[in-house]
Amino acid sequence: TITYTVVITNNGPSTAQSVVLADLVPAGIAAVSFSVQRATGTSSCGAVCLLGDVVLGEVVTVTMVGTVDSSVAAGAILTNTATVNSPTVDPNPGNNTDNHGTPVTNTADLVIRKTATPSPTVAGGPLTYVVGVTNLGPSDAQNVTVSDTLPAGFTVTSVTSVPAGCTGLPCNVGTVPAGGSASVTLVGTVA
């Protein structure tokens, strides 16, 4: 989650009438909710907040909470821009817009599990290993590579993957989205 806090202060000299706050939510943020804290008046908030009249010296705090999409790339900058306006003449309109850039990092908790079929296996018979990778998130895992140190006496005859693309080891299964999975299947024979 990410939280932006916008603080609006009426420095006067008059009451600001019909105040509107526009908060430009950056692409890559979803499930946005708004809350308003103020001593007087009523407000309604969404992509645009209708704050009504803001009296001289009043401070209005608008908090926006959202969820950063798991596919936002590391190194991206999410820039939130807030602009407040009123039809009341403002002696200093240059301070009615502010923005904040937040850098993004990625974290992905990968889990790997390996199964063998049949188990127990028979010397001279077939053996299949399935290596499953699950991404517990919260970010998408980019360029996921599966490596496997195979036991002596096992000869690989084919390697396949889901998503498709691998024919050998190590196997790059690409991007595994948060909550998603990939697998590599190794078919072979036991000496």
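Over region 49-136, accessible surface divided per residue gives 57 Å², non-protein components excluded, 1.4 Å probe.
Each Lys or Arg adds one and each Asp or Glu takes one away; over the other residues whose Cβ falls under 15 Å from the Cβ of residue 179, this sums to -3.
Taking the centroid of alpha carbons for each part, region 144-186 and region 87-133 are 18 Å apart.
Beyond 19 Å, what share of the Cα-Cα pairs of region 1-68 is found? Please give it as a whole percent. The partial results should precede the final answer.
Details: 729 of 2278 pairs.
Across region 1-68, Cα pairs with separations above 19 Å total 32 percent.
Think of the chain as having a plus end and a minus end, set by charges on the Cβ of Lys, Arg, Asp and Glu; of 156, 48, 12, 156 sits farthest toward the positive end of this dipole. Each other residue within a Cβ distance under 14 Å of residue 29 adds +1 if Lys or Arg and -1 if Asp or Glu, for a net charge of -2. When the accessible area of region 1-116 is split by element with a 1.4 Å probe, what percent falls to carbon and sulfur? Looking at region 1-116 in its full context, I get 55 percent from C and S. Label point of residue 190 set 7 angstrom out along Cα-Cβ; within region 124-142, amide nitrogens under 19 Å from it belong to 124-131. Largest GNM mean-square fluctuation among 95, 85, 11, using the chain with Cα springs under 10 Å: 95. Apolar share of the accessible surface for region 122-191: 59 percent from carbon plus sulfur atoms, 1.4 Å probe. Taken over the Cα atoms of the chain, the convex hull encloses 126 Å³ per residue. Multiplying the residue separation of residue 156 and residue 112 by 0.36 nm and subtracting their alpha-carbon distance yields 13.8 nm.
Accessible area per residue was computed with a 1.4 Å probe on protein heavy atoms; residue 112 scores about 100 Å². Once the C-beta distance of residue 48 and residue 142 is scaled by a Förster radius of 35 Å, the resulting FRET efficiency is 0.50 to the nearest 0.05. A simple count of charges around residue 70, restricted to other residues whose Cβ falls under 13 Å of its Cβ and scoring Lys, Arg +1 and Asp, Glu -1, yields -3.
The values are calculated or read from the model by the stated rules, or taken from the named source; none is laboratory data. Since we're looking at a predicted model, the values are computed, not measured. Every residue, glycine among them, receives a Cβ derived from its backbone with ideal geometry; neighbour counts consider all protein chains shown. To get the accessible areas, we keep the full protein, side chains included, count just its heavy atoms, and leave off ligands, DNA and RNA. Shrake-Rupley method; radii C 1.70, N 1.55, O 1.52, S 1.80 Å.
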